[in-house]
Amino acid sequence: MPEQRQFERKPFDETFYCAVSVLDIIDTKILNLVARGIDISEGGIGIKTDYPLEPGHVLRLNNNMKHKVGVVKWSRNGESKGIYRVGVKFV
């Protein structure tokens, strides 16, 4: 199947912090997570994290990249139990 991505991905191996707002039954919680970069492009970043992020979650990325906010487009269990592979689109 041909590549359908708009931007070329490049390897990205960096650990960084990100914050996500999660709606709870009572209120909204802000979680500070550790993420490990896998690949990056002008349009988004692939990460691994131990929190089960869901499509639509908005992340605030705390690192030296020019993009500081992203939306989770997809998430799935990674190769290790409790580790999630996540695709994030920069906004």
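The portion of the accessible surface of the chain made up by carbon and sulfur, rounded to a whole percent, is 52 (1.4 Å probe; DNA, RNA and ligands excluded). The local environment of V20, defined by Cβ-Cβ distances under 13 Å, has a net charge of -1 under the rule Lys, Arg +1 and Asp, Glu -1.
Annotation: lysines with alpha-carbon distance below 27 angstrom to K29 (same-chain offsets under eight excluded): K48, K66, K68, K73, K81, K89.
Tally Lys/Arg at +1 and Asp/Glu at -1 over every other residue whose Cβ is under 9 Å from the Cβ of G37; what's the total? Taking every Cβ under 9 Å from that of G37, the sum is -1. The listed residues I25, I45, once ranked by accessible area (1.4 Å probe) with the largest placed first, stand as I25, I45.
About the centre of its Cα atoms, the chain shows a dipole size close to 80 debye [charges on the beta carbon of Lys, Arg (+1) and Asp, Glu (-1) only; nearest 20 debye]. Ordered from highest to lowest accessible area with the whole protein assembly present and a 1.4 Å probe, K81, K48 read as K81, K48.
The values are calculated or read from the model by the stated rules, or taken from the named source; none is laboratory data. Since the structure is predicted, the reported quantities are computational estimates derived from the model, not experimental observations. Every residue, glycine as well, gets a Cβ built from its backbone with ideal geometry; the counts of neighbours run over all protein chains shown. Accessible surface areas use protein heavy atoms only, side chains included; no ligands, DNA or RNA. Shrake-Rupley method; radii C 1.70, N 1.55, O 1.52, S 1.80 Å.
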